[in-house]
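Shown next, in structure tokens, is the structure this report addresses.
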Amino acid sequence: MSTSTATETGLTARYERAFPCSRILYERARCVLPGGVTHDARLLRPFPVYVRECRGARKWAVDGPELVDFWMGHGSLLLGHGRPEVVEAVRRQLEKGTHPGACHELEVEWAEMVCRLLPAAERVRFVSSGTEASLMAVRLARAATGRGRIVKLLGHFHGWHDHTEHGVDPPFDEPMSPGILPEVARQVTSIPPNDLAAAEAALAAGDAACVMLEPTGGGFGSCPLQAGYVRGLRDLARRHGTVLIFDEVITGFRVSPGGAQELLGIRPDLTVLAKVVAGGLPGGALAGRADLMRILEGGPGGRKAKMHHPGTFNANPLSAAAGMATLRIVRSGEDIRKANETAAAVRAEFNRILARRGVPGLCHGQYSDFHLYLFPDAGTLQGNPGRLGHHDPARLRAGASPPVPERFRLAMLLNGVDMPKLRGMTSSAHGEEELERTGKAFDAALSLLRDEGCFDT
Ligand SMILES: Cc1ncc(COP(=O)(O)O)c(C=O)c1O
């Protein structure tokens with residue numbers, strides 16, 4: 001126990017005792033990695049948990065504890081960790097070479113598979129991450145329209161590049177990051193979700209190259225969107241000559257084999273992909289209308305200049321192998337159904353526990369996701385999740401006031417579950433046993449938070 005403050009004698013002290021090896025690694029990390037981490041979301045006070053091995057729906061901390069995992073590779077592992085077909089495909093490819101420095105057959109098969117599954121994919125270009133695919137989408141939309149403005153939705157995340165990292169986390173009116181030039185920020189209009197009048201006003205000026213959104217809502221539906229609204233955006237974009245971009249980095253091949261666009265029956269012009277498409281390895285893609293994607297080829301007679309696009313690891317064969325093995329399994333829809341069912345059971349259990357304990361809160365989600373809202377009036381949304389779409393996106397995105405999200409993660413870790421704070425994603429590897437452990441962990445975590453003074457009950 002390092003100090004005698006109230007928090008550190010409680011949850012923090014217990015965490016420090018349970019994860020001593022993680023602490024040692026973090027102290028080493030801080031000397032060489034800024035902030036001691038490699039992704040902002042992995043930061044945790046007093047120190048993050050370090051994981052040595054993952055399998056199925058579980059992972060093991062370097063300190064020993066077995067954890068039920070609801071990070072699922074930041075959403076990239078719909079089939080869980082180490083699905084044998086995926087491991088075998090990568091192993092086979094590893095023996096054949098990791099980088100041919102040339103075109104290869106797998107990239108063709110991979111692109112054919114994406115075009116078969118995704119309704120709006122006529123052509124595909126592979127990149128190495130969702131951020132890259134999003135950057136490419138924006139540049140392509142600007143090249144296609146000759147316009148500069150980007151319209152996006154408050155609370156929607158499209159990677160960390162300069163052109164879309166605005167209005168993602170509250171407070172929405174403050175810059176997300178130093179280093180983004182004000183003149184770049186001025187090119188972005190962030191509009192409230194589920195408000196077609198605001199979208200119409202943003203597009204009516206005629207200077208919007210694209211309107212970009214996560215089609216089930218910001219933060220994989222933590223601020224849910226209504227299907228009618230998305231359909232309205234489709235019409236508006238068409239009417240104003242604006243490119244409609246679906247960011248399906250999370251939803252692609254997770255909510256249905258053909259992504260959110262298949263479920264909603266709405267075709268975007270461009271689709272940003274990553275995560276599941278590369279089967280848990282680094283990778284991403286931009287897919288879309290052939291006439292737009294042709295800008296990557298250059299127009300006949302130089303009518304439209306070619307968009308430059310190199311990238312050392314584009315369509316790297318290991319990611320292609322993992323992606324193909326994953327998509328071959330995903331296309332039946334069976335693993336998606338299983339992951340959805342488990343998430344629904346987690347949500348039901350969390351809501352039961354919240355109600356029994358009288359803790360104001362709600363657990364919501366629609367697919368293989370769950371989002372906890374632990375603010376004082378969240379209970380009023382119970383039983384009527386449709387109203388969530390009109391709730392303040394800043395509150396939905398945050399889920400609860402500090403320090404609840406971070407304290408909650410510590411409390412869940414102490415009880416054998418690792419969640420990205422107040423939300424999580426399931427895989428087809430999660431089953432009854434994980435569900436039971438997660439319910440018990442949630443109940444125990446709420447008791448720990450109550451003891452910390454976060455709730456009264
Ligand atoms: C909706 C969405 N778009 C884009 C990205 C960025 O993808 P990447 O982390 O692969 O750069 C993410 C990452 O979580 C995401 O959730």
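The values are calculated or read from the model by the stated rules, or taken from the named source; none is laboratory data. Since the structure is predicted, the reported quantities are computational estimates derived from the model, not experimental observations. As a convention, Cβ positions derive from the backbone with ideal geometry for all residues, glycine included, and neighbour counts pool all protein chains shown.
Listing for the model above:
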| quantity | calculated |
| --- | --- |
| Spans of strands (runs of 3 or more DSSP E) in the stretch 316-431 with at least 2 residues over 21 Å from Cys54 (Cα atoms) and in contact with a Phe, Trp or Tyr (Cβ under 9 Å, 6 or more places away or on another chain) | 362-364, 369-373 |
| Condition check for Ala185: of a type in the set (A, V, I, L, M) and out of contact with any His (no Cβ under 7 Å at 6 or more places or on another chain) | no |
| Single residue of Val124, Val151 found to be assigned by TED's automatic domain parsing to the domain that holds Met293, more than 15 Å from the chain's Cα centre (by Cα), of a type in the set (A, V, I, L, M, F, W, C) and buried (at least 24 other Cβ atoms within 10 Å of the Cβ) | Val151 |
| Any hit, the stretch 277-289, residues being assigned to a helix (DSSP H, G or I), at pLDDT 95 or above, within 16 Å of the ligand (Cβ to nearest atom) and outside the structural domain of Gly361 (by TED's automatic domain parsing) | yes |
| Breaking point among (1) touching a helix residue (DSSP H, G or I) at 6+ places or on another chain (Cβ under 8 Å); (2) loosely packed, with under 13 Cβ neighbours inside 10 Å, for Gly101 | (1) |
| Helices (runs of 4 or more DSSP H) enclosed by the stretch 210-271 - at least 1 residues per element that are of a type in the set (D, E, K, R) | 227-239, 259-264 |
| Filter pass, Arg125 being within 16 Å of the ligand (Cβ to nearest atom) and among the basic types (Lys, Arg) | yes |
| Residue within the stretch 63-83 that is basic (Lys, Arg) and more than 24 Å from Asp369 (Cα to Cα) present | no |
| Any hit, the stretch 133-145, residues being in contact with a Lys or Arg (Cβ under 9 Å, 6 or more places away or on another chain), under 28 Å from Arg409 (Cα atoms) and not assigned by TED's automatic domain parsing to the domain that holds Arg397 | no |
| Count of the stretch 37-46 residues which are part of a helix (DSSP H, G or I) and of a type in the set (Ser, Thr, Tyr) | 0 |
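Condition check ((1) assigned by TED's automatic domain parsing to the domain that holds Gly167; (2) more than 30 Å from Pro215 (Cα to Cα); (3) among the hydrophobic types (A, V, I, L, M, F, W, C); (4) crowded, with 17+ Cβ neighbours inside 10 Å) across all residues:
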{"residue": "Arg356", "(1), (2), (3), (4)": "no, yes, no, no"}
{"residue": "Leu372", "(1), (2), (3), (4)": "no, no, yes, yes"}
{"residue": "Glu406", "(1), (2), (3), (4)": "no, no, no, no"}
{"residue": "Asp418", "(1), (2), (3), (4)": "no, no, no, yes"}
{"residue": "Thr426", "(1), (2), (3), (4)": "no, no, no, yes"}
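So that you can scan it fast, the table gives a plain yes or no per residue for (1) within 16 Å of the ligand (Cβ to nearest atom); (2) touching a residue at least 24 places away in the same chain (Cβ under 8 Å); (3) part of a helix (DSSP H, G or I):
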{"position": "Arg30", "(1), (2), (3)": "no, no, yes"}
{"position": "Gly35", "(1), (2), (3)": "no, no, yes"}
{"position": "Pro48", "(1), (2), (3)": "no, yes, no"}
{"position": "Trp60", "(1), (2), (3)": "no, no, no"}
{"position": "Asp63", "(1), (2), (3)": "no, yes, no"}
{"position": "Glu88", "(1), (2), (3)": "no, yes, yes"}
